[in-house]
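Let me begin by presenting the structure, written as structure tokens, before commenting on it.
The values are calculated or read from the model by the stated rules, or taken from the named source; none is laboratory data. All values reported here derive from a predicted model rather than from experimental measurement. Backbone-built Cβ (ideal geometry, glycine too); neighbour counts: all protein chains shown.
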Amino acid sequence: MEPKVNNWEYCEKPEIVVHETDILLIGGGMACCGAAYEADRWATSQGLRITMVDKAATDRSGAVAQGLSAINTYLGENSAEDYVRYVRQDLMGITREDLVYDLGRHVDDSVHRFEEWGLPIWKTAEDGTRLDGAAAKRSEPSLEDGGKPVRSGRWQIMINGESYKVIVSEAAKLALENNRKATGVEQNHFERVFIVKLLKDENDPDRIAGAVGFSVREQKFYVFKCKVALLAAGGAVNVFKTRATGEGQGRAWFPVWNSGSTYAMAAELGAELTMMENRFVPTRFKDGYGPVGAWFLLFKAKATNALGENYEETNREEARKLYGDYVDNVGTCMRNHLMIQDMKAGKGPIKIHTDVAMQKLAETMTPKEIKHLQAEAWEDFLDMTIAQAGVWAANNIEPEKTPSELMPSEPYLLGSHAGCAGIWVSGPEDIGPDEYHWGYNRMTTVKGLFTAGDGVGASGHKFSSGSHAEGRIAAKNMVSFLLDHKGDDPQFSEDHEELAKEVFMPMETWGKYNSYTTDPNINPHYIRPRMLQQRLQKCMDEYVGGITTWYMTSGTMLDEGFKYLEMIKEDSLHMCAENLHELLRAWENYHRIVAGEAHARHIRFREETRYPGYYYRGDHLAIDDENWKCFVNSRYDKETNSWDLFKKPYHQLVS
Amino acid sequence: MPSFVITEKCDGCMGQDKTACMYICPHDLMALTSDTHKGINQEPEQCWECYNCVKICPQQAIEVRAYADLAPLGGSVIPMIGSDTVMWTVKFRNGQLKRFKFPTRTVAAGQVDIYPDSSAGDMSKIKEPGFFTHHARGDALPTLSGNI
């Protein structure tokens with residue numbers, strides 16, 4: 001097809017807004033909110049300006065937008081060493097232990113701040129009764145003062161988290177306000193502005209100088225000039241075909257607005273990625289993807305196949321043939337693997353016996369306590385996955401009477417949960433070997449570009465609290481970088497209007513061609529973002545190990561898939577956008593393509609099956625510690641459209 | 001279809017400075033119809049059913065009809081937001097009702113003091129691990145060197 005050109009003949013030329021700042025926060029989720037809070041305390045006294053840019057409204061943006069029913073990383077009485085051991089085991093032996101340890105020693109302070117800001121945290125009273133967060137606030141000390149949380153697992157604590165993000169956002173906005181007033185800036189918090197591209201310094205191609213994006217509300221193009229940036233815009237959802245169809249396609253487990261922007265923008269700037277072969281396939285309540293953690297860990301529910309067998313036991317010895325000792329400490333992916341064997345053998349449905357668990361707990365309870373227990377069970381969904389409560393209501397499921405089906409979801413790319421895809425970052429200076437530090441804690445291989453949360457690879461299990469804490473770690477180090485580089489004045493060479501032309505191209509394309517056919521959805525001159533997303537999902541699903549193949553792929557399947565992916569990438573330049581909303585979708589889907597390709601390239605390179613239950617290389621079905629107990633890193637060269645993949649050694653730091 | 005707007009109840013937030021559902025939707029799904037200026041979910045197949053539009057609507061004009069590809073008709077889950085609690089009404093397909101009330105916050109919105117001890121970061125510790133809060137309390141964080 002002929003290349004598309006934007007001469008502003010059909011698309012209204014946007015107003016170009018140039019905003020200069022020192023610290024640019026890209027995203028508004030837990031990590032960027034943490035960064036705003038911490039950065040203010042270090043930057044403001046130094047006269048350094050902070051700017052947050054969020055594509056949504058910060059009160060309800062990011063992965064915690066809906067709320068949460070638990071905080072999954074709170075160390076409390078546990079040591080950071082044990083936290084490393086847990087994360088390493090769950091991620092099949094390969095993690096950046098320096099990053100994990102560093103997170104573990106910092107994270108509790110963020111949880112203590114949440115409680116101080118008004119997040120209700122369940123407590124265990126002296127007589128052993130469970131109190132919700134409001135009752136606990138009246139009678140129990142805070143966590144920081146020795147209050148006892150309700151543990152739903154060794155690392156998890158229960159909360160009344162409907163307003164979790166609102167509370168965290170309020171603190172971030174107050175911090176931004178503090179900085180704005182002190183530095184005399186007119187505006188430093190931009191909502192509904194979507195950053196789509198990062199820009200390099202013209203004199204140093206390994207240094208960030210700015211970013212560009214657009215408003216999804218007004219015809220405005222934004223140019224942000226910065227000295228450092230935190231890229232923390234979440235993981236990637238809707239890269240793979242979803243189990244849900246039609247109007248249900250938004251029912252992903254991870255938030256559907258996580259569009260891979262973190263990975264794509266970092267890759268395009270030349271930052272080194274790590275462990276992008278990793279993915280997360282959560283096993284959850286079927287269809288609604290409601291959380292299982294409290295059911296398994298707090299309510300002690302068991303799951304079985306249709307024959308009543310414990311599939312983790314019955315399939316273990318067969319799994320040992322390929323995965324050796326890894327089957328003994330069953331982590332998240334291995335648990336999936338053991339369950340999937342029975343699903344493929346027709347021994348489903350797999351059910352979680354909520355009824356048995358509730359009845360057992362009720363044996364020693366008063367009617368009032370039983371009612372409270374049932375409310376707790378519903379709250380687990382209503383605080384964070386309301387859709388699952390809707391599935392129960394629609395199917396007349398009362399958990400104390402009826403078991404529920406479990407199902408492994410479509411794959412997601414993330415670095416904060418039980419997965420470790422992301423960007424390769426410098427670690428804390430006091431820990432780890434020299435090759436883990438080249439500068440500042442949580443700085444990528446691009447000078448001045450930091451990341452946190454889903455962005456940091458090779459260190460999962462941070463969850464909400466850890467992402468907040470990691471944003472704070474990055475923020476402090478960004479200020480440290482700025483103070484050490486006071487003379488720096490990075491500038492990018494790209495022309496503002498040329499950048500605007502590129503970003504708004506889909507709207508010009510729409511205007512030029514949409515009337516060519518009677519149905520603007522079907523037009524030979526362009527593809528609508530929705531259809532391009534579905535093409536990407538189909539390709540990833542069939543060639544890169546999605547649900548259709550039970551997560552199976554191979555070298556030959558991947559090589560075939562790359563041919564289609566390449567053309568999807570080419571066709572992304574022919575996306576159209578009828579309005580700013582569709583322009584948002586066009587760029588989100590572009591990011592999904594780059595993130596999806598990174599995932600596929602990494603899987604191609606790692607010739608083993610490190611994460612059975614997440615994905616399988618049919619041509620290398622076993623775990624191969626001798627050759628692959630290492631990180632896989634990559635660098636993308638946008639100019640030549642080529643990927644360079646290579647191994648990086650794993651160092652065990654905790655015994 | 002995820003979230004839907006009841007025509008009669010929605011006034012397009014005419015008397016307010018912003019259209020609440022448009023403001024809050026994390027995925028930019030809510031829009032105003034061009035003719036009647038009422039809210040509409042413009043892309044229901046991208047809806048996460050996060051309920052933020054439902055919770056924020058000043059007219060209680062927005063509800064959720066569970067995804068039709070997976071949920072039978074007839075159930076509903078409806079929140080009522082208070083200043084520090086949320087009340088849920090769950091209606092089953094068979095008509096059974098359940099009600100739950102949960103706390104949402106223990107400090108009133110707008111009342112939080114995020115820097116109770118007014119401490120700025122101790123610049124002499126900027127190269128050390130720890131947050132400004134750790135330094136203000138005099139907490140030294142552990143390190144790993146002894147464990148390698």
Within the range A:112-138, how many residues turn out to be outside any helix (DSSP H, G or I), within 12 Å of chain B (Cβ to nearest Cβ) and of a type outside the set (D, E, K, R)? 7
Criterion: among the small types (Gly, Ala, Ser) and not in a helix (DSSP H, G or I) - qualifying residue of A:65, A:31, A:36, A:43: A:65
Can you list residue pairs whose Cβ atoms sit under 9 Å apart, with the first residue in the range B:65-82 being on the phi > 0 side of the Ramachandran plot and the second being of a type in the set (Gly, Ala, Ser) and buried (at least 20 other Cβ atoms within 10 Å of the Cβ)? Count only pairs 6 or more apart in sequence or on different chains. B:74/A:393; B:74/A:394
Only residues that are more than 30 Å from the chain's Cα centre (by Cα) and of a type in the set (A, V, I, L, M): list them for the range B:111-148, please. B:120, B:123, B:126, B:136, B:140, B:141, B:144, B:148
Could you go through the range A:606-619 and let me know if any residue there is over 29 Å from residue A:652 (Cα atoms), of a type outside the set (Lys, Arg) and crowded, with 24+ Cβ neighbours inside 10 Å. no
Which number in (1) more than 9 Å from chain B (Cβ to nearest Cβ); (2) charged (D, E, K, R); (3) within 23 Å of residue A:195 (Cα to Cα) marks the one condition that residue A:90 misses? (3)
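Just a yes or no: is a residue in the range A:527-534 over 27 Å from the mean Cα position of the chain (by Cα) and farther than 28 Å from residue A:650 by Cα?
From the range A:527-534, those over 27 Å from the mean Cα position of the chain (by Cα) are A:527; that's our starting set.
After this cut, where a residue has to be farther than 28 Å from residue A:650 by Cα as well, the list is A:527.
There is at least one residue in the range A:527-534 that is over 27 Å from the mean Cα position of the chain (by Cα) and farther than 28 Å from residue A:650 by Cα.
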May I ask you to list the residues in the range B:23-33 that are within 11 Å of chain A (Cβ to nearest Cβ) and either buried (at least 21 other Cβ atoms within 10 Å of the Cβ) or part of a loop (DSSP other than H, G, I, E, B) (or both)? B:23, B:24, B:25, B:26, B:27, B:28, B:29, B:30
Residue A:349 passes all but one of (1) under 19 Å from residue A:310 (Cα atoms); (2) under 25 Å from the mean Cα position of the chain (by Cα); which number fails? (2)
Could you go through the range A:592-604 and let me know if any residue there is away from chain B (no Cβ under 14 Å), closer than 30 Å to residue B:30 by Cα and of a type in the set (Lys, Arg). no
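Please note which helices (runs of 4 or more DSSP H) are completely contained in the range A:247-354 and include at least 1 residues that are within 14 Å of another protein chain (Cβ to nearest Cβ). If you could, list the steps in order and put the result at the bottom.
Working: elements: A:261-269, A:311-314, A:316-323, A:332-344.
By residue number, A:261-269.
Listed here are the residues, each with its yes/no results for (1) among the hydrophobic types (A, V, I, L, M, F, W, C); (2) touching a helix residue (DSSP H, G or I) at 6+ places or on another chain (Cβ under 6 Å); (3) farther than 15 Å from residue A:168 by Cα.
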position: A:15; (1), (2), (3): no, no, yes
position: A:20; (1), (2), (3): no, no, yes
position: A:28; (1), (2), (3): no, yes, no
position: A:35; (1), (2), (3): yes, yes, no
position: A:49; (1), (2), (3): no, yes, yes
position: A:61; (1), (2), (3): no, no, no
Write out, first by first residue and then by second, each pair whose Cβ atoms fall under 6 Å of each other, whose residues are 6+ apart or on separate chains, and whose first residue, in the range A:41-61, is within 8 Å of chain B (Cβ to nearest Cβ) and crowded, with 24+ Cβ neighbours inside 10 Å while the second is of a type in the set (Ser, Thr, Tyr) and in a loop (DSSP other than H, G, I, E, B). none
Restricting to the range A:68-87, name every residue that is within 11 Å of chain B (Cβ to nearest Cβ) and in contact with a strand residue (DSSP E or B) (Cβ under 6 Å, 6 or more places away or on another chain). A:69
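For the range A:67-115, give me the residue count where each residue is over 21 Å from residue A:36 (Cβ atoms), among the polar types (S, T, N, Q) and out of contact with any Asp or Glu (no Cβ under 8 Å at 6 or more places or on another chain).
The number of residues fulfilling the criteria is 5.
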Residues of the range A:68-111 satisfying the condition of being over 20 Å from the mean Cα position of the chain (by Cα) and not in a helix (DSSP H, G or I): A:75, A:76, A:77, A:78, A:79, A:93
Qualifying positions in the range A:373-417 - part of a loop (DSSP other than H, G, I, E, B) and at the interface with chain B (Cβ under 9 Å from one of its Cβ atoms): A:383, A:385, A:395, A:396, A:397, A:398
Specify the residue that is surrounded by the most Cβ atoms within 10 Å (Cβ to Cβ); the eligible residues are those in the range B:77-97 that are outside any loop (DSSP other than H, G, I, E, B) and facing chain A (nearest Cβ under 7 Å). B:77
Tell me the residue from A:445, A:509 that is buried (at least 20 other Cβ atoms within 10 Å of the Cβ), polar (S, T, N, Q), assigned to a helix (DSSP H, G or I) and at pLDDT 95 or above, please. A:509
Evaluation of residue A:75 against (1) buried (at least 24 other Cβ atoms within 10 Å of the Cβ); (2) touching a Gly at 6+ places or on another chain (Cβ under 8 Å) (one fails), failing number: (1)
So which residues in the range A:1-22 are of a type in the set (A, V, I, L, M) and at pLDDT 95 or above? A:5, A:16, A:17, A:18
For the list (1) at the interface with another protein chain (Cβ under 7 Å from one of its Cβ atoms); (2) farther than 21 Å from residue A:108 by Cβ; (3) not in a strand (DSSP E or B), I need the number of the one condition that residue B:100 fails. (3)
Would a scan of the range A:127-140 turn up a residue that is among the β-branched types (Val, Ile, Thr), buried (at least 23 other Cβ atoms within 10 Å of the Cβ) and closer than 30 Å to residue B:81 by Cα? no
Restricting to the range A:141-152, name every residue that is in a loop (DSSP other than H, G, I, E, B) and crowded, with 17+ Cβ neighbours inside 10 Å. A:143, A:147, A:148, A:150, A:152
Does the range B:44-54 contain any residue that is surrounded by fewer than 20 Cβ atoms within 10 Å (Cβ to Cβ) and either facing chain A (nearest Cβ under 7 Å) or within 20 Å of the chain's Cα centre (by Cα) (or both)? no
Of the conditions (1) more than 12 Å from chain B (Cβ to nearest Cβ); (2) farther than 30 Å from residue A:329 by Cα; (3) modelled with pLDDT of 95 or more, residue A:155 satisfies every one except a single condition; which number is it? (2)
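Please work out if residue B:76 is farther than 23 Å from residue A:165 by Cβ and not acidic (Asp, Glu).
Yes; evaluated as a whole, the condition is true for this residue.
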Yes/no for residue A:591 being out of contact with any Gly (no Cβ under 6 Å at 6 or more places or on another chain) and not polar (S, T, N, Q): no
Might you check whether a residue that is closer than 30 Å to residue A:157 by Cα, modelled with pLDDT under 95 and not hydrophobic (A, V, I, L, M, F, W, C) occurs anywhere in the range A:334-348? no
Of the numbered conditions (1) farther than 27 Å from residue B:65 by Cα; (2) under 17 Å from the mean Cα position of the chain (by Cα); (3) within 14 Å of chain B (Cβ to nearest Cβ), residue A:218 satisfies every one except a single condition; which is it? (2)
